[in-house]
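The values are calculated or read from the model by the stated rules, or taken from the named source; none is laboratory data. Owing to the predicted nature of the structure, the values given are computational and were not obtained by experimental measurement. All Cβ positions, even for glycine, are placed from backbone atoms using ideal geometry, and neighbour counts span all protein chains on display. Side chains are part of the model used for accessible areas, which takes the heavy atoms of the whole protein and leaves out ligands, DNA and RNA. Shrake-Rupley method; radii C 1.70, N 1.55, O 1.52, S 1.80 Å.
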Amino acid sequence: MDTKKLKNGHLPVENLPYSEVYKQSIENPEEFWGNLGKLVHWDRPFKRVLDNDHPPFTRWYCGGYLNACYNAIDRHILAGKGNKVALIHDSPLANIVRHVTYQELYDQVSLLAGGLQKLGVRKGDRVVIYMPLIPETIMAMLATARLGAVHSVVFGGFAASELTTRIEHAEPKVVIAANCGLEPTRIVKYLDILHEAVEKSKWKPLCNIVFQRESICKNALNSKTDINWNTVLHLGQPVDCVPVEANDPLYILYTSGTTNKPKGVLRPVGGHIVTLTYTMSTIYGINPDDVWWNASDLGWVVGHSYICYGPLLIGATSVMYEGKPDRTPDPGQYFRIIHDHKVNALFSVPTAFRVIRRVDSEIQYGSKYDISSLRTVFIAGEHCDLETKSWIEKIFKVPAVNNWWQTETGSAITASCLGFGQNLYPPNGCSGFPFVGYNIKVLRDDGKEASTGELGRIAVKLPLPPGTLSTLFRNDELFEKVYFSSFPGYYDTMDAGYIDLNGYVFVTARDDDVINVAGHRISTSSLEDAVLRHPDVADCAVFGVPEPTKGLVPLCLYVTKLGTMRPKAKLSVELIKIIRDVIGPIAAFRLAAQVDGLPRTRSGKTMRKAMADFAKNEQVHLPGTIEDASVFIDIKRALQELGYAMNAPDPIVKL
């Protein structure tokens, strides 16, 4: 690693080939990550790069003290960049476009931190944040980090019961909330939900700090529990950053899982901000002069890493889009955002592009905008089929680059890296090469390494690189059990895939989404890729359903493009033929039906397991983050036509 190229915390392009850098990161991690530690400001230098004496509880940059807020804001102010735009909030729902400079961000964050300190928030305390995608949410996150406290952002789509669970587990000193959020057809009353959650909760925070979105609605505050955001800004004086040890937590982020216990991913501050700073240039090719748009939400890990911290750490401009791909007010919004704000790179989920393609495949709405500023589209969060990827590249006229990661890792496990000059048009279906520090293996059920090209469980040999989860909040035992018990010495990603002869990683599906058809393991994503080749199909989901002879067989529910006139029966027959031609008779694919829509979470995850359980007549509990639970009405009709879900009880949405 040539540290001479490090300038202002930015590494524009790697000067060594990927293979050499990757090898060093695996074989000599202390030297490698020690050099990269120079990308960020340390109040006190680290004494030891790596402490792996008690795996899997790996510690990085031991003894070093720093502050994430200082690295995201203060150092840019000191470098004379206060007038640079840090955040662009574009909300067609609220009819607002707002530019927030680094100086304004600094002023608001340091005042809010002063108010939090006056209310009793100290280093190590937890602060739950329940807010929509607005600049004040980032201010709340950074103000918490400024004090060395730990934030836990809860997605605004969660209902009171989910919020109660998180409040009870995190035990926050205070809760910071907005009074409302926006959806295309309604105003979401956040404050009412918060009041209900706190009322139910066994843990009572000292108070709720409420930001009033007065242009949308104004709520009466409860004088006993609530305090106005603006009042908090004037409670104290601006405060300096509180340095914390590198392995102290920056945040808790709760993730779904198969256990009934809360899984609060604990993110260590030091390794995380080093990794995010490094990945902005190395993976995404972004420099401080660029405009970066991550079309996610701050309630998800992608939003934490690459709406808030990542772009601010390098001093770039981060776009926050409060809207939908198609309904706010039309399917031209992605193009408008790129045009209006001169976006250089866009990060989104494949579902967003499928939505645009379905309702406006010829881009009648988007064609009037100039999107020449765009260099790259990055896709992650779910499998991206070849048809969608090809459509993105055709319409946006830039590479659509896949990368794969998880809430637990906080950034990409595999990627095609712009900073290494890697091929941005790799083999179809792959998610790139292993990113530095990730020693990826594909394992069989017995723990032995799979052959090249053989489908198996993707695992990462320990130690995990900096920035990954350090443990689960208040549950070391569950941390070890969930992630490290299946394959001792490895982190179990719980995803299935394979590695080809050239070292490319193919992530085919969650391991639960691999269908065992008469002893043959078939990935749902490979079947979905084939189905989406049909010119009339806009979206689809494949999952396994019981069959007496073969155990499981695949069933496909698909959504057609608007205006499709082909009869359903004819279309289903054509899809069955495509699967036979592409995959072969081994797939035993004979079940396909058209539906009006598919169940997805608001982050774009397809709920295959819910549909599979529903087909088996099991009671399905849907999360509060489901985009539209009503799709199950038509799904029930379609499944019953195929002989499934004959006695299925209606799904229950968790409130």
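Taking amide H positions as modeled 1.01 Å from N, with prolines and chain starts lacking one, the residues under 5 Å from Arg126 and 5 or more places away or on another chain are Val150, Lys173.
Under the convention that each Lys and Arg Cβ holds +1 and each Asp and Glu Cβ holds -1, the size of the dipole of the chain around its Cα centre is about 460 debye.
Measure up Lys577/Lys636; Lys368/Lys577; Lys84/Lys389 against 32 Å on the Cα-Cα distance and list the ones that go over. Checking Cα-Cα distances, Lys368/Lys577; Lys84/Lys389 exceed 32 Å.
Would you list which aspartates and glutamates come within 19 Å of Lys23, measuring only between C-alpha atoms, while excluding same-chain residues fewer than 8 positions from it? Excluding near neighbours in sequence, the set is Asp2, Glu14, Glu31, Asp500. Only protein heavy atoms count here; on that basis, with a 1.4 Å probe, Arg590 has an accessible area of about 150 Å². 3J(HN,Hα) along the range 212-227: 8, 8, 5, 6, 9, 6, 10, 10, 6, 7, 7, 4, 7, 10, 10, 9 Hz, from the Karplus curve 6.51 cos²θ - 1.76 cosθ + 1.60 with θ = phi - 60°, whole Hz, x for Gly and Pro. Give the cross-link partners of Lys570 among the lysines, using a straight C-alpha distance below 20 Å as the criterion and excluding same-chain residues fewer than 8 apart. Once the sequence-local lysines are set aside, what remains near Lys570 is Lys561.
Per-residue 3J(HN,Hα) values for the range 626-643, derived from phi via the Karplus relation 6.51 cos²θ - 1.76 cosθ + 1.60 with θ = phi - 60°, read 5, 5, 8, 5, 5, 4, 5, 5, 6, 4, 4, 4, 5, 5, 5, 5, 9, x Hz in sequence order (x marks Gly and Pro).
Approximating the spin labels as points 7 Å out from Cα along Cα→Cβ, the Arg186-to-Arg48 distance works out to 5.3 nm. Based on the Cβ-Cβ distance of Ser372 and Lys202, what FRET efficiency does E = 1/(1 + (r/R0)^6) give at R0 = 45 Å, to the nearest 0.05? It comes to 0.20. As an exercise, use a Förster radius of 56 Å and the Cβ-Cβ distance of Asp446 and Val359 to find the FRET efficiency, rounded to the nearest 0.05. E(calc), rounded to 0.05, equals 0.75. Ordered by residue, what ³J(HN,Hα) values in Hz, to whole numbers, does the range 395-409 give under the Karplus form 6.51 cos²θ - 1.76 cosθ + 1.60, where θ = phi - 60° and Gly and Pro are x? For the range 395-409, the Karplus curve yields 7, 8, 6, 9, x, 9, 9, 8, 8, 10, 7, 9, 3, 5, 8 Hz.
The relative contact order of the range 373-518 comes to 20 percent, based on Cα pairs under 8 Å that sit 6 or more residues apart. Scaled to the globular estimate 2.2 N^0.38 Å, the Cα spread of the range 515-655, given as radius of gyration, is 1.00.
How far is helix 350-359 tilted off the main Cα axis of the chain, in degrees rounded to 10, range 0 to 90? Helix 350-359 sits roughly 60 degrees off the main axis of the chain. For Asp495, the residues whose amide H sits under 5 Å from its own are Ile458, Asp511, ignoring neighbours fewer than 5 places away on the same chain, with H placed 1.01 Å from N.
Remark on Cys540: its backbone amide H falls under 5 Å from those of Val559, a criterion applied only to residues 5 or more positions apart or on other chains, H modelled at 1.01 Å from N.
Computing FRET efficiency as 1/(1 + (r/R0)^6) for Leu386 and Glu20, where r is the C-beta to C-beta distance and R0 is 41 Å, gives about 0.85. Computed from Cα atoms alone, the Kirkwood hydrodynamic radius reported for the range 106-233 is 14.3 Å.
Listed by chain and number, the lysines whose C-alpha is less than 25 Å from the C-alpha of Lys224, apart from same-chain residues fewer than 8 away, are Lys118, Lys173, Lys189, Lys200, Lys202, Lys204. Taking packing as the residue-averaged number of other Cβ atoms within 10 angstrom, the listed peptides 444-454, 211-221, 405-415 run from highest to lowest as 405-415, 211-221, 444-454.
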